[in-house]
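Below is one structure, written out as structure tokens; the observations come after it.
The values are calculated or read from the model by the stated rules, or taken from the named source; none is laboratory data. Just so it is clear, the structure is predicted and the values come from calculations on it, not from any experiment. Cβ placement follows ideal geometry from the backbone for every residue including glycine, while neighbour counts extend to all protein chains displayed.
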Amino acid sequence: MNLAEKITQLKEEKNAVLLAHYYQYPEIQEIADFVGDSLALSKKASETEADIIVFAGVHFMGETAKLLSPHKKVLIPDMAAGCSLADSCSAADLETLRNEYPDHIVVTYINCSAEVKALSDYVCTSSNAVEVINNIPKNIPIIFAPDKNLGKYLIKETGRDMVLWDGTCVVHEAFSFDKLLDLVQAYPLAEIIAHPESEPHFLKTAHFVGSTAALLKYVQTSDKTEFIIATEVGIIHEMQKKVPHKTLIPAPIDEDNTCACSECAFMKVNTLQKIYDCLLNESPEILIENAVLDQARKPIEAMLEFSF
Ligand code: 13P
Ligand code: SF4
């Protein structure tokens, strides 16, 4: 049996489900029970009847699954699967900011630790951030953390003034605007589509801005046939399956960036071997203190109430 077959067999034996983010390597996406963006994966984690959830994504996603399914065993293939946004925002620093603005509501992007979620009034993903902000009465001021690019985009989309945390996604900040202009000359008919974690000048140039799932839908519904994709390159696997006849070009990155393309090095620490090992050994496991667990679940449940 090859590794993929061994994982499938082990999943059945242990009544485990494998959830994978669109940024995972294609071979992981191919054997997952469900592939999705942060919002869809959170929903799946809250609904599953499996005893074990193996989360092929990054650490904060595994934590979100645990918050929503506290009685299930949640495993992640590698504890080193972090996120530059989550790492930029410690609970202690967010608490300091919250104390500076005591009348503000705290909305955090799902890309943050469970401790930070526990300090939040609402959590949002890029799929529902506009909805979440619009749901907050206009007279209540907002702190938004940790992604300042998504925050700036939300200020533009909702007309709300917000205090922004100074965090960024290393992957979406690495795109090169100069090289993008060259690419546009080479593909004059291509539409630029971008994730809102990208920098404001990139978003201004984009024909369409949306979450991973929204970008996927856009390439399927648009009558255009060429797209420059400004998000993590892993999504192109699922996109190309949905639109085999269309041309999908990853947006170029700065030369001095160490990655070869717009890959999230954190997402890419996961491999089939690590998935097999973690399911076999039932480790590493996501564990969250009870007090944090109860507090951090509330803003996620508040979010899921108005995300369909
Ligand atoms: P999505 O919410 O679009 O899945 O994005 C998650 C993420 O980490 C983007 O970098
Ligand atoms: Fe975090 Fe960016 Fe990687 Fe998403 S792509 S997990 S935001 S570092």
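In the set V184, V233, V219, only one residue is of a type in the set (A, V, I, L, M) and closer than 25 Å to G82 by Cα; that residue is V233.
Taking (1) out of contact with any strand residue (DSSP E or B) (no Cβ under 6 Å at 6 or more places or on another chain); (2) aliphatic (A, V, I, L, M); (3) within 16 Å of ligand 1 (Cβ to nearest atom); (4) at pLDDT below 95 in turn, A260 satisfies each apart from (3).
Tell me yes or no: at least one residue of segment 42-63 is out of contact with any helix residue (DSSP H, G or I) (no Cβ under 6 Å at 6 or more places or on another chain), at pLDDT below 95 and within 16 Å of ligand 1 (Cβ to nearest atom). Among the residues of segment 42-63, at least one is out of contact with any helix residue (DSSP H, G or I) (no Cβ under 6 Å at 6 or more places or on another chain), at pLDDT below 95 and within 16 Å of ligand 1 (Cβ to nearest atom), which makes the answer yes. Scanning segment 201-225 for residues that are of a type in the set (D, E, K, R) and either in contact with a Cys (Cβ under 9 Å, 6 or more places away or on another chain) or free of Cβ contacts under 8 Å to residues at least 24 places away in the same chain (or both) returns K204, K217, D223. When segment 157-184 is limited to residues that are surrounded by 14 or more Cβ atoms within 10 Å (Cβ to Cβ), touching a residue at least 60 places away in the same chain (Cβ under 8 Å) and outside any helix (DSSP H, G or I), the one that is nearest to the chain's Cα centre (by Cα) turns out to be C169. Which one is modelled with the lowest pLDDT among residues in segment 10-41 that are within 13 Å of the chain's Cα centre (by Cα) and part of a helix (DSSP H, G or I)? Step by step, filter segment 10-41, then rank; the result is L39. In segment 58-83, the residues that are within 14 Å of I288 (Cβ to Cβ) form Cβ pairs under 9 Å with partners that are among the basic types (K, R) and within 16 Å of ligand 1 (Cβ to nearest atom), at six or more places apart or across chains, as follows: F60/K117; E63/K117; T64/K117; A65/K44; L67/K117; L68/K43. D223 passes every criterion in (1) outside any helix (DSSP H, G or I); (2) within 26 Å of E131 (Cβ to Cβ) apart from (2). Would you check which residues across segment 185-200 are surrounded by fewer than 24 Cβ atoms within 10 Å (Cβ to Cβ) and either within 16 Å of ligand 2 (Cβ to nearest atom) or without any contact (Cβ under 8 Å) to a residue 40 or more places away in the chain (or both) and list them? Hits for segment 185-200 are Q185, A186, P188, L189, E191, E199.
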